[in-house]
Every structure is written in C-alpha cells, then in structure tokens.
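Beneath this line is the structure, given in structure tokens, with notes to follow.
The values are calculated or read from the model by the stated rules, or taken from the named source; none is laboratory data. Since this is a predicted model, take the numbers as computed values, not measurements. With ideal geometry, Cβ positions are generated from the backbone for all residues, glycine too; neighbour counts draw on all protein chains shown. Side chains are part of the model used for accessible areas, which takes the heavy atoms of the whole protein and leaves out ligands, DNA and RNA. Shrake-Rupley method; radii C 1.70, N 1.55, O 1.52, S 1.80 Å.
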Amino acid sequence: MIDILTVQIIAALLFCIGVAVALVRRNIFFVLMGVELALNATNLSFIGFSRTFSGSASMVGQIVPLFSIAVAAAEACVGLAMVILIFRARESLDSESFTSLKE
Amino acid sequence: MISQSNYLWILPLLPLLGSAILGAIALATSHHEKGANEHRTGFLAVLFPALAFILTAFLSLQLEIGHSLRQVVAPWIVADAITVNFGFLFDDLSRIMLLFITGIGSLITLYSVGYMHGDRGFTRFMAYLNLFLFSMITLVLADNLVLTFLGWEGVGLCSYLLIGFWHKEAANGAAANKAFLVNRAGDLGFLLGIFALMTLAGPAGISYTELREWLHNPLNAEILAGQGQVLVVLAAFFLFWGCTAKSAQIPLLTWLPDAMAGPTPVSALIHAATMVTSGVYLVTRMSDLFVLSPAIMHMIAFVGLGTAMWAAISGLFQDDIKKVLAYSTVSQLGFMFLAAGCGAFDAAIFHVFTHAFFKATLFLGAGSVIHALAGEQDLRKMGGLAKTLPRTFLILVFGWVSIIGIPGTAGFWSKDLLLERVYNAPFMGHTLYYAALATAVLTAIYMTRMMVLAFMGKYRGDEHVKAHAHESPWTMQLPMWILAIGSLLAGFLWAGMIPGADLFGRTLSSIVGDAQRIAVGAEHEGPSAFVFAVLGTAAAVIGLLTSFIIFTKFVPSPVGLPAPRGFGKVWTFAFDSLHALFIKPTRALAWVLQTIVQSLFEALQNAIGLFAIQTSDLLRKLQSGSIRLQLGLSVGLTLLIAVAILGRLF
C-alpha cells in the first residue's frame, strides 16, 4: 500500500519537472511534452485525493482525471497540428524564433 | 366657495399638445429644403390656443363671481416637510388672467401666421408660441407657488427661445442670453421667497388657499406679530425681487428693451401683453402677505413709480419704433406696481388687462408697419405713412389714444382709476399721484412723438421701399382690429363713473378685498372721481399738444443707426452701466478661474496622463513574444498569487 502523502509528493515532483521542461527547453515538442507531463501530474494528484477522501468527494477525484485525459487528447491533437503548421511556415522547431506575437 | 372640478387639467394640456405636435412636425421636416405646409401647421397652431380660450370662456360663464374651481391632478413632491401637488385653481383672479392670456394669445398666434409667412422656422415658431401659452396657463392656473414657479421658468425659457428665434444674427442670441440671465437673477428671489414662506407657515406656506387661511387665522396672529414678522418681510421682499426681473422693474429691467430682437408678435404677446405682467399677478395673488409688511409695500410703490418715470423719459430718446413701445411697456408696468404698492391690487390687475389690449394693438400695428416697409424699424426713416397704410394708421391710433388716456378708451378708465387710488393711498399718496400724473404727461409726449414721426409729415426713407409698401393680409388684420376695438371698449368693464359698470372690480373683490382693506384702511372722502378724470385728460392733452408742436417741426435726420445719442444714451443705458459694476468683477473672477485655476488643473491632469503613458510603455516591453519568457512570467505570477493567498490563510 503506497502512502497517500507519497502519491502527492510524486505528483508535485512530476508537475515541477513538466513546468521546468516547458520553460527550459527550446524545442517546441519538448515544451508540449512538458505541458502534458504537468497536466498528468495533476491527474495523479486527483487520484491520490480520491483515496484520501470518501463518498462523493472520492468519486470526483476519480471522474475528473477521466475528463482531463479526454480534453488533453483533444488538446494534444490541436497542439501538434499547430506545431506542424508553424514548422511548415518557419522551417524551425526553436520556440525562440516564434516571436511575431510581440507588441 | 370652492368646488371640485375634473376638467381644469385640459386647459394647460391643449397648448402643450399643440406644442408637441408642432414640435414633432418641425423636427420631422427639419432636413427638408422647405418647411411643412404653412396652412396646415398654421391652422394647428391657432386651433389649440383657441380651444383653450373657448374652454376658459365656457368655465367663466358657468361659474358665478366669488366661486372657484379646484382640481388636484396628481401629487408632485411628497416629503415630510412639504407636499406639493399638480393642483389647479380657477378663481376670480386666474379667470381674468386666463381669459385675456388665451384670448389675446390666440389672436396673436393668428397674426403670427401672417407675419411669419415664408420664414423657414415657421413651424418651430408656432411650437414655441404654444409652449409659451402652456407655461403661462400653468403659471396663473397653479394653486401653489411651486407649480407657479414651474410656469414662471417655462415662460422664461420660451422668452429666451423666441428672442433668439432668428439665431443666425449674433446680436439676437446675445439679447436672448441677457434676458435669460437677468431672469435667473430674479428666479433666485422667487425661490428664496418660497423658502421664507415655508419657514414661516410650514406646509401651509406653499398652497395659495392654505396660506391665505393661515395668514387670516387668529391662532397665528401671535406668530405674525412676533418672530414671524421678519419672515413675512423677507418673503415679501424676495417674492417682489422675483417680480422685478420678470416684470422688468428697477433694477432688473435691462433685458426687456433688448428683448425686441425677437419677431414682433413675440414682443406683443410675451414682452408686452402677458408674460411681463406675471409679476403683477404674483403680487396680487400674494396680496394677503404683502399687506402685512407696509415697508415692502412702500418699496413696491416707489420702485414702480421710479421705473415708470425712468422708462417714460427713456422712451423719448428712442428712434426704433419697437424700442419706444418697449420702454412704454416698462413704464406701464411701473404704473401697475405703483398701484399694487399703494394697495390698489384690483386697479393694478385692471391696468394689466387694458394694457394687454392696447399694447398688443400697438405692437401688432408696429409689426404691420415693419412688415409693410420690409423690416424697417427706424422712425427717422418713416413719416407720412398715414396715406400709404391707412388701416394700420387707424389701428395704431386706437392703441395710441388708449395708452395716453383719451376719455372713454380702455387706458383712460384704468389709468384714471389707478391714479385716483394712488392719490387716496395712506402713505405719501399725494406726492406719488403728482409724480405719476407727470409721468402720464411724458407718456403722451413719447407716444405722440412716435405717431408723428411715423405717420405725419413727409416720407424720409427709401422711395424704393415705399413703392412696395402694402397693407398686411387678413390673418394679421383681423387680430389687429379685434384688439384695437378692445383697446377702445375694454375699459367699460370697470368704468368708475358709470354706475353699474364695475363687473371687473366686483370679480376681483373676493380675492383682494381683505388685503385692500388692511392696506388702505377706512374709506375716506377724497376729491370726486370727476376731478381725477379732468386732471388725467388734461395730462394726456397737454402731452399730446406739446409733442405734436415739437415733433412736427423738429424732425430727426435719418443718419446712422437708430440708437439714442448724447444724454439720451447715458440715461437709457444707466441701468446697463449699473449692471456692468456687477458684471465686471464677475468677468474678472471668471478670467482668473480660467487662466490660473484651469491651467493648474490641466497640469495635474496632464501629469496623471503622462504617468499612465510612461508606465504602460515600460510594461509593454514585457510583451517580447518569446514563449518561454511569457510562460515563465505566468507561472511565476501564479506562484506569487498562490503564496500571497496561502500567506493570508495561515
């Protein structure tokens, strides 16, 4: 039986790793992967809390990750499609070269 | 006897409806090259005032003398301290006022249909006239001071709109502004008067009938004799202050001569026959209050006499035909206030009534002359018009004999009665009488001067203009003839020397009888009415002959603009100079405020604006477009907010 606190600590660690990857890496695929990792870290946190609480709160903890996974799948589709389009236009995967949205 | 009525609200509604319809038509046709059809709009414009007159006449015939009708339509202001209703009171005073306001108002509207023919603003003009009649009816029909004040403001607004009607000339706009501003100075007095009455009598201080009962209630005698005395004097003083602006008395009289910038029917209706007499109406309506402070009564009498004399002398120097009539209006209003100040409220109202007839006749006749001479108002460029415009001449003669007081005319009966009452007044009556008699001589002189210069001798103007001179159309002729006949015969409603001919006096006695007994005291034996009549006639005839001899010989040369010169200029603009003493410091203060205070505030505003611009410039740099930086910033800020919230929680 894994400790409840351990689950939360692992979730927080995964989240931090995801954010750090998204911030530090310049390759746009890694940024997307970082974001996905952070998203799944929160899902893990939800699952952990579903064991902490009981009754309806527990149900919420199990259902929300399902929704989250569905939305993340859709989001990944859109995100990858956009990356492909941007790559075709710019011929580059470096996020620093996509700065046309500044003031 | 006060009885309830359910129909009084229709009276003011009729012209308001007319104004709304005409205003809508004027707006709808505002973008057209030509205005709406003049026949139809003219018909509508005359219809509603005429219906109001018919209704007034019907109600007046139904109602016996001494009875009155009252209707409370709806509550207006309901508070703990006061309750003000949209209430109407149709009593002996308001019925007289209403009869001549709606009657003469309808006639002058009909005249305007002819006079304003072809003017692009025809419909707008008619809408204003109807709005004016609505306000005037509200003013005299209201059963409380606050609703009267509403009408009082309404007529002021219409006066402003109509003086500046031809607003493409800057001078007309300036005259309209002057009239409005001077009247605002008077409105302040009116409001203070209402406040003083509310302080004195509480909720009863607003309604005319309740205030009357309150003042006559023996239970309140102690208050009136003690601490209330000051408030009575203050209320009377402030209300009279309001009247001096509306009725052009010293010192707030400078606006009326300038008001002649408006179209002539406006001068006839608003600045001669009706609106300017509302001050006399108010003093008469509040006569029960005024007689309680003799000092204010004396002040009214002296202000009235001073105004009458000053304006009569000013009238001598005017070369503009409308200006002569304007000063004569101021002078006649002075006579009315002189009578009111001497406690002869009924004689004052009778003079208001006859004055409405003969002054409207004179103005409309002058308008007819101006119309015939293609807008010429300079008396020096007229002369010999009796042959060219015989009908207009005859109409003006009717008005002229009436204003100077030739026996039998309306002006004779009212002025004679007025002067007799002044002579019998308890305070300095004799002195006031002789001064007023001298003013009557002056009246005859300047009015005869106007007639001689316009109609006698040789024509001095442009021959080209004379060739086109023509009598006016029937829409102008008909009202002039009715008013001219009225200015001959209206006096027989109260012909003092004819037994039984005192309908007017009997009608008013229920309103002002008590007040006059307090003001004048017991009747005492004075000289017989015949003596006054002879003296009054002598004054008229002396003035007439003097003027005739002088002005048939010395004819002014038509050079330059028709403005008073030399001493005449100093005298005429004496009060304008007096006002300048108040206006100049105000202008200086305005300059200080504009240049110094305004620039300070502007600097402050600019500083704030500059700060916002600079800060936003700095913040804008953060929008680099780099995904990593933006993401890092949002994560960092989210963390910051989370830390802040957690910090507050624990």
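Cβ-Cβ distance below 6 Å, separation of 6 or more or different chains: which pairs start in region B:464-480 with a residue that is closer than 24 Å to B:Val46 by Cα and end on one that is in a helix (DSSP H, G or I) and among the charged types (D, E, K, R)?
Pairs found: B:Glu471/B:Arg391.
So if I check each of B:Val555, B:Val570, B:Val559, which one is more than 14 Å from chain A (Cβ to nearest Cβ), closer than 30 Å to B:Val452 by Cα, loosely packed, with under 10 Cβ neighbours inside 10 Å and modelled with pLDDT under 90? Show your work before the answer.
Working: B:Val555 fails: loosely packed, with under 10 Cβ neighbours inside 10 Å; B:Val570 fails: loosely packed, with under 10 Cβ neighbours inside 10 Å.
Exactly one of B:Val555, B:Val570, B:Val559 is more than 14 Å from chain A (Cβ to nearest Cβ), closer than 30 Å to B:Val452 by Cα, loosely packed, with under 10 Cβ neighbours inside 10 Å and modelled with pLDDT under 90, namely B:Val559.
Right, B:Ala538: open to solvent by less than 20 Å² (accessible area, probe 1.4 Å) and modelled with pLDDT of 90 or more or not? Working first, answer last.
On the way: open to solvent by less than 20 Å² (accessible area, probe 1.4 Å): no; modelled with pLDDT of 90 or more: yes.
It is false that B:Ala538 is open to solvent by less than 20 Å² (accessible area, probe 1.4 Å) and modelled with pLDDT of 90 or more.
If only one of B:Thr209, B:Thr199, B:Thr254 is more than 15 Å from the chain's Cα centre (by Cα), more than 19 Å from B:Leu139 (Cβ to Cβ) and among the polar types (S, T, N, Q), which one is it? Give the derivation first.
On the way: B:Thr209 fails: more than 19 Å from B:Leu139 (Cβ to Cβ); B:Thr254 fails: more than 15 Å from the chain's Cα centre (by Cα).
Step by step, each of B:Thr209, B:Thr199, B:Thr254 is checked, and only B:Thr199 is more than 15 Å from the chain's Cα centre (by Cα), more than 19 Å from B:Leu139 (Cβ to Cβ) and among the polar types (S, T, N, Q).
I'm told B:Ile549 meets every condition in (1) open to solvent by 80 Å² or more (accessible area, probe 1.4 Å); (2) more than 30 Å from B:His216 (Cα to Cα); (3) in contact (Cβ under 8 Å) with a residue 60 or more places away in the chain except one. Can you identify the failing condition by its number?
So B:Ile549 meets the others, but not (3).
Going residue by residue through region B:289-312, is there one that turns out to be at pLDDT below 95, closer than 26 Å to B:Asn130 by Cα, in a helix (DSSP H, G or I) and under 19 Å from the mean Cα position of the chain (by Cα)?
The answer is no; no qualifying residue exists.
Residue check, B:Tyr423 against (1) without any contact (Cβ under 8 Å) to a residue 40 or more places away in the chain; (2) closer than 15 Å to B:Val531 by Cα; (3) open to solvent by 10 Å² or more (accessible area, probe 1.4 Å); (4) among the hydroxyl-bearing types (Ser, Thr, Tyr), all met but one. Which one?
With respect to (1) without any contact (Cβ under 8 Å) to a residue 40 or more places away in the chain; (2) closer than 15 Å to B:Val531 by Cα; (3) open to solvent by 10 Å² or more (accessible area, probe 1.4 Å); (4) among the hydroxyl-bearing types (Ser, Thr, Tyr), B:Tyr423 is out only on (1).
Please determine, by comparing only the residues of region B:176-206 that are open to solvent by 20 Å² or more (accessible area, probe 1.4 Å) and among the charged types (D, E, K, R), which one is nearest to B:Phe290 (Cα to Cα).
Checking each candidate, the answer is B:Arg184.
When only residues in region A:65-100 that are more than 22 Å from B:Gly625 (Cβ to Cβ) and touching a Phe, Trp or Tyr at 6+ places or on another chain (Cβ under 8 Å) count, which is most open to solvent (accessible area, probe 1.4 Å)?
This residue is A:Ser68.
Considering only residues that are part of a helix (DSSP H, G or I), in contact with a Lys or Arg (Cβ under 9 Å, 6 or more places away or on another chain) and of a type in the set (Gly, Ala, Ser), which ones fall in region B:542-568?
B:Ser547
Just to check your reading of the model, which residue among A:Val7, A:Val21 is β-branched (Val, Ile, Thr), more than 30 Å from A:Asp94 (Cβ to Cβ) and open to solvent by less than 60 Å² (accessible area, probe 1.4 Å)? Steps first, please.
Values: A:Val21 fails: more than 30 Å from A:Asp94 (Cβ to Cβ).
Testing whether each residue is β-branched (Val, Ile, Thr), more than 30 Å from A:Asp94 (Cβ to Cβ) and open to solvent by less than 60 Å² (accessible area, probe 1.4 Å) leaves just A:Val7.
Of all residues in region B:622-650, which are within 11 Å of another protein chain (Cβ to nearest Cβ) and not in a helix (DSSP H, G or I)? Working first, answer last.
Applying the first criterion (within 11 Å of another protein chain (Cβ to nearest Cβ)) to region B:622-650 yields B:622-636, B:638-639.
Once the filter is applied, which keeps residues that are within 11 Å of another protein chain (Cβ to nearest Cβ) and not in a helix (DSSP H, G or I), region B:622-650 yields B:Leu622, B:Gln623, B:Ser624, B:Gly625, B:Ser626.
Picking from A:Val19, A:Val24, which residue would you name as being within 14 Å of chain B (Cβ to nearest Cβ), closer than 30 Å to B:Ser616 by Cβ, under 21 Å from the mean Cα position of the chain (by Cα) and hydrophobic (A, V, I, L, M, F, W, C)? It would help to see each step written out before you state the result.
Numbers: A:Val24 fails: closer than 30 Å to B:Ser616 by Cβ.
Testing whether each residue is within 14 Å of chain B (Cβ to nearest Cβ), closer than 30 Å to B:Ser616 by Cβ, under 21 Å from the mean Cα position of the chain (by Cα) and hydrophobic (A, V, I, L, M, F, W, C) leaves just A:Val19.
Would you say B:Leu619 is under 30 Å from A:Ile28 (Cα atoms) and either facing chain A (nearest Cβ under 10 Å) or part of a helix (DSSP H, G or I) (or both)? Don't jump to the end; show me each part of the working.
Working: under 30 Å from A:Ile28 (Cα atoms): yes; either facing chain A (nearest Cβ under 10 Å) or part of a helix (DSSP H, G or I) (or both): yes.
Against the criterion (under 30 Å from A:Ile28 (Cα atoms) and either facing chain A (nearest Cβ under 10 Å) or part of a helix (DSSP H, G or I) (or both)), B:Leu619 qualifies.
What helices (runs of 4 or more DSSP H), lying completely within region B:228-273, carry at least 3 residues that are closer than 20 Å to B:Leu181 by Cβ and of a type outside the set (D, E, K, R)? I'd like the intermediate steps shown before the answer.
Numbers: elements: B:228-246, B:255-258, B:264-268.
Of the helices (runs of 4 or more DSSP H) lying wholly inside region B:228-273, those with at least 3 residues that are closer than 20 Å to B:Leu181 by Cβ and of a type outside the set (D, E, K, R) span B:228-246, B:255-258.
I need the full set of residues from region A:45-100 which are in a helix (DSSP H, G or I) and within 14 Å of chain B (Cβ to nearest Cβ), in order please.
Step one: list which residues in region A:45-100 are in a helix (DSSP H, G or I), which gives A:45-52, A:56-90, A:95-97.
Within region A:45-100, A:Gly79, A:Met82, A:Val83, A:Ile86, A:Arg90, A:Ser95, A:Glu96, A:Ser97 meet the criteria.
Restricting to region B:353-388, count the residues that are touching a residue at least 12 places away in the same chain (Cβ under 8 Å), assigned to a helix (DSSP H, G or I) and open to solvent by 10 Å² or more (accessible area, probe 1.4 Å).
The number of residues fulfilling the criteria is 6.
Pull out all pairs, ordered by first then second residue, where Cβ-Cβ is under 9 Å, the residues are six or more apart or on different chains, the first lies in region B:567-581 and is polar (S, T, N, Q), and the second is modelled with pLDDT of 80 or more and in a helix (DSSP H, G or I).
B:Thr572/B:Pro257; B:Thr572/B:Ile313; B:Thr572/B:Ser314; B:Thr572/B:Lys323; B:Thr572/B:Tyr327; B:Ser577/B:Val570
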